[in-house]
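> Got a structure for you, written out below as structure tokens; questions coming shortly.
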Amino acid sequence: MKRVLTNFPNHFKGLALLATLALGTQLAFAQKIQVLDNCDALGEGANAWKGPAINVSTDKKEGKGAVQSTGFNIVPFNRVYATPFNSGVTKENGHLAFFLFIENTELLKGTGAIQISSAAKASEDVYTINIGDLKVNKVKLVNGWNHVVVPLSSITTVVGTPDLSKINYFRIVLYNKTGVETPQTYKLDYIRFASDPALFAQTTIK
């Protein structure tokens, strides 16, 4: 006697429901802004923000504060994260955004870099977003607050195999013009990722 699977349709309905729920979760994650750092605090010990005269400023673009450093020819901001961060994006569809304050761009050489790594250092498994002629992704940096948005697909400098689901390092490098030793103030706030850059425009700035 042949056995009839009377629950066959219900079985597949269940699988379809599970697949739909899983897809919905992935889409919700992809469409959400993933915040690497709100820059409200320096952190502690080896996982604290590093930089010259580093502190937290109340002049900020979001939340309670912004990380601030003062110096010249420097790495104004550098942090290793104890817990790897899942950006929720890929290099093909992801975007990085943050706010950067520059006191006086006239002092700068115009070159530098923004680096994100999954090896807790700038020399391994790292994406480097180059700054040239004071431009980041064709947008010129100006005095005061800059809202920097970078499509990760535009990154051409890659060392190793950086994993965007395990980010544990962020760094910004800026250089003064040759012979210029005048210190200036930089501020950094609200570092985040999203697949849809339109989400960054919906950010509530407090």
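> What number goes with the only condition from (1) out of contact with any Pro (no Cβ under 6 Å at 6 or more places or on another chain); (2) part of a strand (DSSP E or B); (3) under 20 Å from Gly179 (Cβ atoms) that Glu106 does not pass?
Glu106 satisfies every listed condition except (2).
> List every residue pair whose Cβ atoms lie under 6 Å apart, where the two residues are 6 or more positions apart in sequence or sit on different chains, the first residue falls within region 53-69 and is in contact (Cβ under 8 Å) with a residue 12 or more places away in the chain and within 18 Å of His147 (Cα to Cα), and the second residue, located anywhere, is among the basic types (Lys, Arg) and crowded, with 16+ Cβ neighbours inside 10 Å.
Cβ pairs passing all conditions: Ser57/Lys187; Ala66/Lys60; Ala66/Lys187; Gln68/Lys187.
> How many residues are over 17 Å from the mean Cα position of the chain (by Cα) and either crowded, with 17+ Cβ neighbours inside 10 Å or touching a residue at least 40 places away in the same chain (Cβ under 8 Å) (or both) if we restrict to region 127-136?
Summing the residues that are over 17 Å from the mean Cα position of the chain (by Cα) and either crowded, with 17+ Cβ neighbours inside 10 Å or touching a residue at least 40 places away in the same chain (Cβ under 8 Å) (or both) in region 127-136 gives 1.
> If you check Ala19, Ala41, Ala28, Ala46, which single one turns out to be of a type in the set (Gly, Ala, Ser), more than 18 Å from Tyr190 (Cβ to Cβ), modelled with pLDDT of 50 or more and out of contact with any Leu (no Cβ under 9 Å at 6 or more places or on another chain)?
Details: Ala19 fails: modelled with pLDDT of 50 or more; Ala41 fails: more than 18 Å from Tyr190 (Cβ to Cβ); Ala28 fails: modelled with pLDDT of 50 or more.
From the options Ala19, Ala41, Ala28, Ala46, the qualifying one is Ala46.
> Moving on to the next point. Could you figure out which of (1) in contact with a helix residue (DSSP H, G or I) (Cβ under 8 Å, 6 or more places away or on another chain); (2) over 19 Å from Leu174 (Cβ atoms); (3) surrounded by 19 or more Cβ atoms within 10 Å (Cβ to Cβ) isn't true of Lys60?
(1)
> Filter region 107-126 down to the residues that are touching a Gly at 6+ places or on another chain (Cβ under 8 Å) and more than 19 Å from Ser165 (Cβ to Cβ), then identify the one that is surrounded by the fewest Cβ atoms within 10 Å (Cβ to Cβ).
The qualifying residue surrounded by the fewest Cβ atoms within 10 Å (Cβ to Cβ) is Thr111.
> Turning to a different aspect of this structure: Within region 43-62, track down each residue that is among the aliphatic types (A, V, I, L, M) and either touching a Ser or Thr at 6+ places or on another chain (Cβ under 6 Å) or not in a loop (DSSP other than H, G, I, E, B) (or both).
Ala46, Ala53, Ile54, Val56
> For region 156-168, check the following and say yes or no: at least one residue is more than 17 Å from the chain's Cα centre (by Cα), buried (at least 18 other Cβ atoms within 10 Å of the Cβ) and not polar (S, T, N, Q).
no
> In region 63-91, what residues are assigned to a loop (DSSP other than H, G, I, E, B) and within 15 Å of the chain's Cα centre (by Cα)?
Listed by number, the residues that qualify are Asn86, Ser87, Gly88, Val89, Thr90, Lys91.
> Only one of Val139, Val89, Val150 is surrounded by fewer than 16 Cβ atoms within 10 Å (Cβ to Cβ), among the aliphatic types (A, V, I, L, M) and under 21 Å from Asp196 (Cβ atoms); which?
Working: Val89 fails: surrounded by fewer than 16 Cβ atoms within 10 Å (Cβ to Cβ); Val150 fails: surrounded by fewer than 16 Cβ atoms within 10 Å (Cβ to Cβ).
Criteria check complete, one pass: Val139.
> Which numbered condition in (1) touching an Asp or Glu at 6+ places or on another chain (Cβ under 8 Å); (2) at pLDDT 95 or above; (3) under 18 Å from Val142 (Cα atoms) is the only one that Gly110 fails?
(2)
> Here's another thing I want to ask about it. So, in region 137-195, exactly how many residues are in contact (Cβ under 8 Å) with a residue 24 or more places away in the chain and in a strand (DSSP E or B)?
The number of residues fulfilling the criteria is 32.
The values are calculated or read from the model by the stated rules, or taken from the named source; none is laboratory data. Note that this is a predicted model, so its numbers are computed, not measured. Virtual Cβ from ideal backbone geometry, glycine too; neighbours counted across all protein chains shown.
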